[in-house]
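> Before I ask anything, let me first share the structure, which is written out below as structure tokens.
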Amino acid sequence: MSTAVQQQNYDIADIDLAERGRFRMQWAAKEMPVLDLLEERYRRERPFEGVRMAAAMHVTSETANLMRILIAGGAEIALCASNPLSTQDDIAAALVSYYEMPVFAIKGETTAQYNAHLNAALDTEPHLTMDDGMDLVAMLHTQRGNLLDGVVGGTEETTTGVIRLRAMAAQGKLAFPVIAVNDAMTKHFFDNRYGTGQSTLDGIIRATNVLMAGKTFVVGGYGWCSKGIAMRAKGMGANVIVTEVDPLRALEAVMDGFQVAPMTQAAVAGHIFCSATGDINVIDRHHMDQMRDGAILANSGHFDVEINMKALESMAPKITRVRDFLDEDTRDDGRRIYVAGEGRLVNLAAAEGHPSAVMDMSFANQALAAEYLLKHSGDMSGNVYDMPEELDREIAALKLKAMGVEIDTLTAEQEAYLNEWTLGTAE
């Protein structure tokens, strides 16, 4: 380890894990060619020279590769966890050791540590924030308001965070512009659906090692994340029931071939339950009271609020850790409910998160959104902004290029036709 690293301020589990983390970063990078293409430009142009960033994100091998290219572009970044159970300790060690980066993240950290780590990232007085759930922005506004004048803007990675930010902006409380990276087509259409679908099933299987085929799998919600979960559960042979509050999404689930029912009905039928809505108590006390002995509960929403864990703990006086990421809650009548990953984001609490191929596009969105904010923040106010369409298309084009896929381009004649209203059947 270099002398510079020794002098840096950081809080991680074990610096000796660094080499293992570096190998995992390199493995992830093999499926992140868009970030590699951006890194080539960033090394030439240095768009983030002198820019301080604070990032609250899942500290994974994919996130580490985003940090790598931002550092190549000149950024000074402090990274902290966005979830107490989502840090990969070897990755945190690799970033500190090989990139001399201040990282404040420990898998299994307490709430007090979590908040201290958010504060440590903000102590760097950032110009830009990168958030995964909005906790960093919330702390800036509620506890560290003295730093707001120096913040140019921020980016937000999650559905949950965007929901919170829009509520904040609607109340006139948001002090700087934030780009909703989550809403980019190259993010939610691929990451939320394919990434969440695969990684959630991975987390549940690692936590339980149960066979999916033949089970009744209940999915809370039918947004992009839940669509992916339902798709993958069905692909593994489960009988899928979708619960929804939105009639359009419920109708879409029906048209996609899934059974749709209220959670009160699904609770009786289900073997495995997973919610991904961004709302609280999707699986509530009265639902759990109806569940069969051996029901398995998981959450793939950002915060640990979708399962009413307090209600479950009051219903089940005996709690036993039966596997590394699985708790057995035994009720007075002897019935057992199993909770994966303590009710937290199961794909990161019990597994490794999304595959790097989809995070390649998501994190390209983060990098390009940060560039955009530096160039255009003077024309933006304290509000939530969509990812500019031209950047979305640029990322899609880069991904296709990296995959060796070519597509057609419109001819001049076709362009003219699309911009002409007089041409038609009656010509």
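The values are calculated or read from the model by the stated rules, or taken from the named source; none is laboratory data. Note that the coordinates shown come from a computational prediction; the quantities given were computed from them, not determined experimentally. As a convention, Cβ positions derive from the backbone with ideal geometry for all residues, glycine included, and neighbour counts pool all protein chains shown. The protein model used for the area step is the full one, side chains on, heavy atoms only, and it has no ligands, DNA or RNA in it. Shrake-Rupley method; radii C 1.70, N 1.55, O 1.52, S 1.80 Å.
> Could you work out the local net charge near Ala72, counting Lys and Arg as +1, Asp and Glu as -1, over the other residues with Cβ closer than 15 Å to its Cβ?
Values: positive: Arg41, Arg43, Arg44, Arg46, Arg68; negative: Asp36, Glu39, Glu40, Glu45, Glu49, Glu76, Glu100, Glu371.
Neighbour charge sum, excluding Ala72 itself: -3.
> Here's a follow-up. Could you give the Stokes-Einstein D for segment 1-94 in µm² per second, using the C-alpha Kirkwood radius, 20 °C, 1.002 mPa s? If you can, show how the numbers build up before the last one.
Working: Rh = 13.9 Å.
Reported coefficient: 154 µm²/s.
> In angstroms, what radius of gyration and Dmax does the chain have, counting Cα atoms only?
22.5, 79
> Taking amide H atoms as placed 1.01 Å from N in the peptide plane, list the residues 5 or more away in sequence, or in a different chain, whose amide H sits under 5 Å from that of Thr277.
Amide H to amide H, under 5 Å and 5 or more residues apart or across chains, Thr277 pairs with Gly301.
> Looking at the chain as a GNM with Cα springs under 10 Å, which of Gln414, Gln366, Gln88 has the largest mean-square fluctuation?
For the chain, modelled as a Gaussian network with Cα springs under 10 Å, the answer is Gln414.
> Let me ask something else about it. Could you order peptides 204-212, 40-48, 97-105 by the average number of other Cβ atoms within 10 Å of their residues, highest first? Please report the intermediate quantities before stating the final value.
Numbers: 204-212: 18.0, 40-48: 15.3, 97-105: 23.6.
With the highest mean Cβ count within 10 Å placed first, the list reads 97-105, 204-212, 40-48.
> Using 0.36 nm per residue of separation minus the Cα-Cα distance, give me the extension gain between Arg52 and Ile280 in nm, one decimal. Can you show the working numbers first?
On the way: separation 228, 0.36 × 228 = 82.08 nm, distance 3.42 nm.
Length gained between Arg52 and Ile280: 78.7 nm.
> Give me the distance in nm between label points sitting 7 Å out from Cα along the Cα-to-Cβ direction at Met403 and Asp386, one decimal.
2.3 nm
> Let me ask you something else. Classify segment 237-373: rounded, prolate or oblate, from the alpha-carbon gyration tensor (a ≥ b ≥ c, eigenvalue square roots; a/c under 1.5 rounded; otherwise prolate if a/b is larger than b/c)? Each step should come with its number before you reach the end.
Numbers: a/c = 2.22, a/b = 1.42, b/c = 1.56.
Oblate, because a/c is 1.5 or more while a/b does not exceed b/c.
> In addition: Determine the gain in length on full extension of the stretch Glu413-Asp332; use 0.36 nm per residue of separation and subtract their C-alpha separation, reporting nm with one decimal. Mind dumping the intermediate values first?
Working: separation 81, 0.36 × 81 = 29.16 nm, distance 7.44 nm.
Using 0.36 nm per residue and subtracting the Cα-Cα distance, I get 21.7 nm.
> Run the quick spin-label model on Ile319 and Met236: label points 7 Å from Cα toward the beta carbon, then report their separation in nm to one decimal.
2.4 nm
> Continuing with the same structure: For the chain, modelled as a GNM with alpha-carbon contacts under 10 angstrom, which of Ala351, Ala81, Ala311 fluctuates the most?
Of Ala351, Ala81, Ala311, the most mobile in the Gaussian network model is Ala311.
> Could I ask something else about it? Tell me, what is the 1.4 Å probe accessible area of Leu37, in Å² to the nearest 10?
Its heavy atoms expose roughly 50 Å² to the probe.
> Ratio to report: Rg/Rh of segment 352-424, with Cα atoms as the point set and Rh obtained by the Kirkwood method; give two decimals.
Values: Rg = 17.3 Å, Rh = 15.4 Å.
My calculation puts Rg/Rh at 1.12.
> While we're here: Stretched out fully, how many nm does the piece from Ala112 to Asp149 gain, at 0.36 nm a residue minus the Cα gap? Don't skip to the answer; put the middle values down first.
Values: separation 37, 0.36 × 37 = 13.32 nm, distance 2.66 nm.
Extending this stretch completely gives an extra 10.7 nm.
> What does the net charge come to around Lys318 if you take all other residues with beta carbon closer than 10 Å to its beta carbon, with K and R at +1 and D and E at -1? Show your work: numbers first, answer last.
Numbers: positive: Arg331, Arg336; negative: Glu328, Asp329, Asp332.
Net local charge, Lys318 excluded: -1.
> Also, I was wondering about something else. Any idea what the relative contact order of segment 316-427 is, in percent, if you count C-alpha pairs under 8 Å spaced at least 6 apart?
On the way: 63 pairs, mean separation 13.9, N = 112.
Normalised by residue count, the contact order of segment 316-427 is 12 percent.
> May I ask you to evaluate 6.51 cos²θ - 1.76 cosθ + 1.60, the Karplus curve with θ = phi - 60°, for each residue of segment 319-336 and list the ³J(HN,Hα) values in order in whole Hz, giving x for glycine and proline?
After applying 6.51 cos²θ - 1.76 cosθ + 1.60, I find 10, 10, 7, 9, 9, 3, 10, 9, 10, 9, 9, 9, 7, 4, 7, x, 5, 10 Hz.
> Determine the relative contact order of the chain: mean sequence separation of Cα pairs under 8 Å and six or more apart, normalised by residue count, in whole percent. Don't skip to the end; give the middle numbers.
On the way: 892 pairs, mean separation 70.9, N = 427.
So the answer I get is 17 percent.
> Let me ask you something else. Given a cut-off of under 8 Å on Cα pairs at least six residues apart, what relative contact order in percent is computed for segment 194-350?
Details: 353 pairs, mean separation 36.2, N = 157.
In percent, rounded to a whole number, it is 23.
> Which residue fluctuates most in the GNM of the chain (Cα springs below 10 Å): Arg52, Arg68, Arg20?
Residue with maximal mean-square fluctuation among Arg52, Arg68, Arg20: Arg20.
> Each label point is 7 Å from the Cα along the Cα-to-Cβ direction; what then is the distance between the points at Ala269 and Asp36, in nm?
So the two model labels end up 4.7 nm from each other.
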